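**Student:** The following block contains the structure, expressed as structure tokens.
What follows draws every value from the coordinates through simple rules; no lab data is involved. Everything numeric here is computed off the predicted structure, so don't read it as measured data. No Cβ is skipped: glycine too gets one built from the backbone with ideal geometry, and neighbour counts run over all protein chains shown.
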Amino acid sequence: MSDKRKKQLLVWIGSIAIALICLIPFIWMIVISFSKHPDFLASNKIPYIFTLKNYVEVITTHDLHVMDYFKNSLVIATIVTIIAVAIASFAGYAVSRIKFRGKTSIILGVLAVSMFPQISIVGYLFKIMTKIHWINTYQALIFPYIAWVMPISLWILISYFMQLPTDLDEAAMVDGANRIQTLLRVIIPISAPGIFSTSLLVFISAFNEFMFALMLTSDFHARTIPVGIALFQGLHGEIPWGQIMASSAIASVPLVILTLVFQRYIVQGLTAGALKG
């Protein structure tokens, strides 16, 4: 066997191994979610019986509030994505195009702030939200989420904007456009892949966030799906693994669809910043 064939074989083996490591937990979740007896492996006497009962129960049983959690996650993640990406677009354009004192300090400061773990500030956030009576509301999560995802949004868009030639801005200004018009009519349309990939990453991060949602919500009125699943209990206090896995599968659907359908845009947006114009 030639060295080239050996290399290709090792690449295939490594790729398959990594894929299996990533997919086995997801496959196991799906298998359990469609099982009438989640503990069918515990004994040879317990058969695997395919059923849709778990999905029907988590969707139709109002007292479980799974769909309320799901709706909260979608609404909060969508609002956070729109606001965070809009702010990051203006800020990224300003940093990448306008010369002003302290620009580097601002960029490094944003990066430094993002290094603090969530647990270090969640106690102070809880006190603030309690004083302004925002506990268990959408805004109690929306504003912290925006601050939380802003560093990654800003850094991705700065990298993307900096690889665009400044001739585009100069041509637009010669035609009479100001900075805002140049951004909205010229830069953003060209930067659509970068903005789109940033939006997807922000949405996924906000949808999956756990710490803030755990501490700043108390019931189904604002609690998101990750916390709802973590605190999931059956109607009689038991731990219904089938329903938990069904809820997890439902929560995974929008993220999986977004990633599979738009993965090309995500890769294009993340890698374009590393290229020169």
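**Student:** Once the convex hull of the alpha carbons of region 208-258 is built, what does its volume come to per residue, in cubic angstrom? Walk me through the intermediate numbers first.
**Tutor:** Numbers: hull volume 4.3 nm³, N = 51.
Convex hull of Cα atoms, per residue: 85 Å³.
**Student:** Further question on the same structure: Counting only other residues whose beta carbon sits under 10 Å from that of ALA246, what net charge do I get with K and R as +1, D and E as -1?
**Tutor:** With Lys, Arg at +1 and Asp, Glu at -1, the neighbours total 0.
**Student:** Go through LEU216, THR61, THR104 and say which Cα lies farthest out towards the positive end of the charge dipole of the chain; charges sit on Cβ, +1 for Lys and Arg, -1 for Asp and Glu.
**Tutor:** THR104
**Student:** Amide H to amide H under 5 Å from SER35: which residues, 5+ apart in sequence or cross-chain, H placed 1.01 Å off N in plane?
**Tutor:** Under 5 Å from the amide H of SER35 lie the amide H atoms of THR51, each far enough along the sequence or on another chain.
**Student:** Which entry is the computed Rg and Dmax of the Cα atoms in Å for this structure: (1) 17.7, 56; (2) 19.8, 69; (3) 23.2, 79?
**Tutor:** (3)
**Student:** Additional query: Using Cα positions and a limit of under 18 Å, work out the lysines in reach of LYS36, with same-chain residues fewer than 8 apart set aside.
**Tutor:** Partners within reach: LYS45, LYS53.
**Student:** Apply the Karplus curve 6.51 cos²θ - 1.76 cosθ + 1.60, θ = phi - 60°, to the phi angles in region 154-162 and return the couplings in whole Hz, x for Gly and Pro.
**Tutor:** Coupling constants for region 154-162: 5, 5, 5, 6, 4, 4, 6, 5, 5 Hz.
**Student:** Taking 0.36 nm per intervening residue step and subtracting the Cα-Cα distance, what contour gain separates ASP63 from ARG179 on full extension?
**Tutor:** Separation in residues times 0.36 nm, less the Cα-Cα distance, equals 36.6 nm.
**Student:** Right, here's the next one. With a Förster radius of 22 Å, plug the Cβ-Cβ distance of VAL261 and LEU74 into 1/(1 + (r/R0)^6) and report the FRET value to the nearest 0.05.
**Tutor:** Rounded to the nearest 0.05, the efficiency is 0.85.
**Student:** Full-extension gain between LEU52 and MET162, please, as 0.36 nm times their residue separation minus the C-alpha to C-alpha distance.
**Tutor:** Taking LEU52 through MET162 to full extension adds about 34.5 nm, to one decimal.
**Student:** In whole Å, what are the Cα extents of region 106-173 along the three principal axes, biggest one first?
**Tutor:** 51, 24, 14
**Student:** Now, a different point. Evaluate the distance, in nm, between pseudo-label points positioned 7 Å from the Cα of ILE27 and of VAL11 along their respective Cα→Cβ axes.
**Tutor:** With each label placed 7 Å out from Cα toward Cβ, I get 2.4 nm.
**Student:** Let me ask you something else. Can you work out ³J(HN,Hα) from phi for every residue in region 61-72, in order, using Karplus 6.51 cos²θ - 1.76 cosθ + 1.60 and θ = phi - 60°, giving whole Hz and x for Gly and Pro?
**Tutor:** Rounded to whole hertz, the list is 7, 5, 5, 7, 6, 5, 5, 5, 4, 5, 4, 4.
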